[in-house]
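Novice: Can you keep this structure in mind? I'll have questions shortly.
The values are calculated or read from the model by the stated rules, or taken from the named source; none is laboratory data. Keep in mind that what you see is a predicted model, and the values were worked out from it rather than measured. Cβ: placed from backbone, ideal geometry, glycine included. Neighbour counts: every protein chain shown.
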Amino acid sequence: MPDIQKKNKHLIKQKIKHVNPIKEKDFVSKIPEWAPIAIIVFTAIIYLKALFNDFASLDDDMYILKNPFIRDFSLDGVKAIFSSFYCSNYHPLTSITYLFEYKFFGLAPFPYHFTNVILHLVNTFIVYKLIKKLSTSKITALVVTSLFALHPMHVESVAWISERKDVLYSFFYLFSLLVYMRYIESGFKLKYYTSVLILFILSLLSKSAAVTLPVLLIVIDIYKGRKINAKTLLEKIPFFMLSMLFGIIALFSQRVSDTSNELFLSYNFIERIFLFSYTISFYIVKLALPFSLCAMHYLPINNGGILPWYYYASLPFILFIIFILVKYVISDYKKKGFKKEIIFGILFFLITISVMLQIISVGNAITAERYTYIPYIGLFYIAGQWISNIVEKRQDSPVYRKGKKVIIAIFLLFVIMFSYQTWTRIGVWKDGNILFTDVIKKNPDVFHCYWTRGKIKNNNGNLKDALPDYNKAIELQPEFADAYNNRGYIYYGLGDTKSALIDYNKALLLKPDFADAYNNRGIAYEGLGDINSAILDYNKAILLEPDKAESYNNRGYAYYRSGDLKSAISDYNKAVILDSKCAEAYINRGIAFEEMGNVKSALPDYNKAIMLNPKLAMAYKYRCLLKIKTKDLRGAMEDINMSIVITPEDAETYSYRGIIKVMQNDYKGAIEDFCYSIKLKPNVGKVYYNCGVARLYLKDNSGACEDWKKAIELGYGAASQMVSKYCDK
């Protein structure tokens with residue numbers, strides 16, 4: 001009996017021991033294979049909102065709306081993209097994506113947003129595959145994928161068209177890591193090594209932040225238990241060489257564009273330590289508490305040598321984290337397990353974010369939410385492995401089961417919170433005005449916010465709305481020359497040339513070498529008819545910035561108005577040499593050629609302007625006038641119709657179309673166009689005169705006489721002869 005009891009006890013123990021693992025594995029086994037697809041679909045639903053956003057104006061105007069490189073869809077255009085810096089950056093592959101979108105979709109924002117969202121969804125799938133290989137845990141992969149896909153700090157990278165470079169470089173970067181894992185698993189086959197190298201190059205061509213990849217590859221080697229020897233390091237040499245090359249290119253692009261920050265340089269060494277500790281603290285805190293998000297996190301104002309309190313608090317916070325890591329993780333690293341995951345996740349985060357920390361700042365911002373797009377994967381990995389360890393741990397006590405459910409519930413609560421915040425943040429990126437209204441709400445005392453929103457409103461043609469923003473910017477920073485220059489531009493656009501001159505003078509008083517202010521003041525003088533003063537200002541602008549095509553173009557027009565056509569054409573020639581994509585310079589040179597009777601040279605210039613900017617109504621208008629002179633009435637009609645489509649409220653275009661219809665004997669149609677032109681702009685005597693001529697052809701003498709008399713009333717003297725001939729009898 002005792003032996004049987006012992007045997008039965010042993011059987012019972014064996015049974016319990018066998019049942020527990022099966023029960024614990026049930027949770028993982030119940031996770032459906034389509035779980036990652038569900039995450040991607042849910043993410044797509046959240047980001048569907050972004051597809052209906054407009055351009056944000058924050059850099060979108062430079063990268064898309066005004067980018068001359070994406071308008072030349074040719075081999076030469078591609079060469080120009082790969083051989084040039086633009087907006088202090090070198091990311092030719094990103095520009096190539098814009099080139100294709102502009103070619104096939106023009107300036108419709110939907111396809112640009114669509115591409116960004118698709119890249120984010122693809123990146124989410126790659127993250128799942130990568131983390132599953134790194135951790136060999138489905139739960140870890142799903143946790144990291146969910147956080148990566150839905151974290152609100154990532155909205156900036158996806159919803160902002162100008163951050164195409166972020167999601168694009170991440171695609172190649174993450175893909176290269178995934179292929180590298182395959183390289184290790186395959187026994188180091190050359191085809192996988194070559195693929196990793198090619199993907200790395202493509203990532204570098206998308207954004208220079210990819211330079212961190214070689215160091216991360218070594219960390220992955222260590223994490224996966226690969227020995228670090230001569231062979232391991234030698235295979236990384238091509239990667240490090242490429243990183244050095246593109247790092248130098250990135251630094252050179254910043255120097256060429258002179259993007260140094262005077263505010264950052266004003267901080268002393270001690271203050272810069274606190275600035276640095278704050279940046280690290282910012283990203284750690286926002287990981288779990290992503291509140292008060294903003295498109296711009298400005299450098300702090302140094303009030304009397306004192307930074308805001310939280311900058312000083314950040315250093316003890318970082319030191320405390322380091323203390324915990326040293327005491328409980330690094331010092332006991334020999335014990336395998338979760339501590340290894342912590343070190344790997346932290347290194348992943350620090351390596352990938354290192355180039356984003358702006359040790360030497362090149363802008364007004366100290367931190368940026370988009371910088372976390374790849375780096376947060378490292379911290380997400382720690383969270384994922386922690387949750388995975390708890391969920392997959394083989395314990396069957398009621399307390400443990402309850403604790404496991406609590407952990408899962410908390411994680412799901414965070415996912416729901418992040419999803420809601422992401423949805424809300426996407427709406428903030430609706431357009432530039434909404435975006436910077438949000439920025440101002442969170443930075444009410446930063447003059448740069450108002451100045452930027454003023455520029456956005458100005459670019460959108462809302463001059464009156466832009467004026468209060470510039471007034472506020474000047475109130476907060478009365479020594480900011482750019483604000484006076486921009487406000488002067490607004491005053492000039494509103495017809496207040498005297499106020500514009502006062503602001504330009506103030507801008508030049510504060511900043512005597514301000515070429516743009518000289519250029520703008522020249523435009524104002526020209527508007528007042530003071531051509532000599534305008535030319536003097538253009539001369540000064542050219543002296544200060546001899547490579548700026550706009551100043552040559554403006555001076556050329558001043559020469560044209562003064563009757564010096566030879567000097568005008570010389571300046572236009574210089575303008576198109578400096579900027580071969582300056583459509584306005586081609587139009588102006590065409591006008592000057594035409595004035596000189598050189599029709600053969602004028603037509604190619606109008607054609608070139610239209611090729612560069614197919615939506616430039618002025619180019620169609622002047623080409624139409626040229627075709628009228630050469631009796632190409634069919635071509636003239638096509639051009640003027642296109643001009644009307646682009647600018648349907650331009651009275652002059654209807655007047656020109658009326659003239660063409662008169663020449664085609666369509667007098668009723670001509671009268672309709674002249675009348676509509678008069679409706680839009682009722683004080684142009686010449687239009688009344690032409691309308692009278694059309695009525696005369698229809699034998700409507702009384703109507704013709706009425707129009708001619710109105711033309712005389714408005715100062716168009718040529719109508720007197722018609723009145724004398726047809727109306728005074």
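Novice: Could you list, in sequence order, the residues of the stretch 72-123 that are more than 26 Å from Tyr373 (Cβ to Cβ) and either buried (at least 18 other Cβ atoms within 10 Å of the Cβ) or outside the structural domain of Gly247 (by TED's automatic domain parsing) (or both)?
Specialist: Those that are more than 26 Å from Tyr373 (Cβ to Cβ) and either buried (at least 18 other Cβ atoms within 10 Å of the Cβ) or outside the structural domain of Gly247 (by TED's automatic domain parsing) (or both): Asp72, Gly77, Ala80.
Yes/no per residue for (1) in a helix (DSSP H, G or I); (2) aliphatic (A, V, I, L, M):
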{"position": "His154", "(1), (2)": "yes, no"}
{"position": "Leu168", "(1), (2)": "yes, yes"}
{"position": "Val179", "(1), (2)": "yes, yes"}
{"position": "Tyr183", "(1), (2)": "yes, no"}
{"position": "Phe188", "(1), (2)": "no, no"}
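Novice: If you go through the stretch 475-484 one residue at a time, do you hit one that is of a type outside the set (Asp, Glu), surrounded by fewer than 23 Cβ atoms within 10 Å (Cβ to Cβ), within 25 Å of Ala592 (Cβ to Cβ) and touching a Leu at 6+ places or on another chain (Cβ under 8 Å)?
Specialist: no
Novice: Regarding Glu649, is this residue modelled with pLDDT under 95, under 52 Å from the mean Cα position of the chain (by Cα), charged (D, E, K, R) and under 23 Å from Lys621 (Cα atoms)?
Specialist: yes
Novice: Output the qualifying pairs, or none if there are none: Cβ atoms under 6 angstrom, residues six or more apart or on different chains, first residue in the stretch 127-156 and of a type in the set (Asp, Glu), second residue surrounded by fewer than 23 Cβ atoms within 10 Å (Cβ to Cβ) and at pLDDT 95 or above.
Specialist: Between residues of the stretch 127-156 that are of a type in the set (Asp, Glu) and residues that are surrounded by fewer than 23 Cβ atoms within 10 Å (Cβ to Cβ) and at pLDDT 95 or above, the close pairs are Glu156/Arg370.
Novice: What residue, among those in the stretch 354-402 that are among the aromatic types (Phe, Trp, Tyr) and over 18 Å from Tyr283 (Cβ atoms), is modelled with the highest pLDDT?
Specialist: Ranking the candidates gives Trp386 first.
Novice: Residues that are in the same structural domain as Tyr102 (by TED's automatic domain parsing): find the helices (runs of 4 or more DSSP H) completely inside the stretch 501-620 holding 1 or more of those.
Specialist: none
Novice: Provide a single number: the residues in the stretch 496-509 that are of a type outside the set (Lys, Arg) and touching a Phe, Trp or Tyr at 6+ places or on another chain (Cβ under 7 Å).
Specialist: 5
Novice: Which residues, taken from the stretch 648-665, are surrounded by fewer than 15 Cβ atoms within 10 Å (Cβ to Cβ) and not in a helix (DSSP H, G or I)?
Specialist: The answer is Pro648, Glu649, Gln664, Asn665.
Novice: Could you list, in sequence order, all residues of the stretch 462-500 that are in a helix (DSSP H, G or I) and either aromatic (Phe, Trp, Tyr) or in contact with a strand residue (DSSP E or B) (Cβ under 8 Å, 6 or more places away or on another chain) (or both)?
Specialist: Tyr470, Tyr484, Tyr489, Tyr491, Tyr492 - these are the residues of the stretch 462-500 that are in a helix (DSSP H, G or I) and either aromatic (Phe, Trp, Tyr) or in contact with a strand residue (DSSP E or B) (Cβ under 8 Å, 6 or more places away or on another chain) (or both).
Novice: Next question, about the same structure. Being small (Gly, Ala, Ser) and under 9 Å from Asn485 (Cβ atoms) is the filter; apply it to the stretch 501-528 and report the residue that is surrounded by the most Cβ atoms within 10 Å (Cβ to Cβ).
Specialist: Across the stretch 501-528, the extreme among qualifying residues is Ala517.
Novice: Taking the condition modelled with pLDDT of 95 or more, surrounded by 15 or more Cβ atoms within 10 Å (Cβ to Cβ) and under 30 Å from Phe105 (Cβ atoms), does Met642 pass?
Specialist: yes
Novice: Only one of Lys699, Lys725 is modelled with pLDDT under 95 and either farther than 19 Å from Asn665 by Cβ or crowded, with 16+ Cβ neighbours inside 10 Å (or both); which?
Specialist: Step by step, each of Lys699, Lys725 is checked, and only Lys725 is modelled with pLDDT under 95 and either farther than 19 Å from Asn665 by Cβ or crowded, with 16+ Cβ neighbours inside 10 Å (or both).
Novice: Just the residues that are within 30 Å of Pro92 (Cβ to Cβ), touching a helix residue (DSSP H, G or I) at 6+ places or on another chain (Cβ under 6 Å) and at pLDDT 90 or above, please, taken from the stretch 243-282.
Specialist: Ser243, Phe246, Gly247
Novice: Is there a residue in the stretch 651-664 that is among the acidic types (Asp, Glu) and either in the same structural domain as Asn690 (by TED's automatic domain parsing) or closer than 30 Å to Ser567 by Cβ (or both)?
Specialist: Looking for residues that are among the acidic types (Asp, Glu) and either in the same structural domain as Asn690 (by TED's automatic domain parsing) or closer than 30 Å to Ser567 by Cβ (or both), one finds at least one in the stretch 651-664, hence yes.
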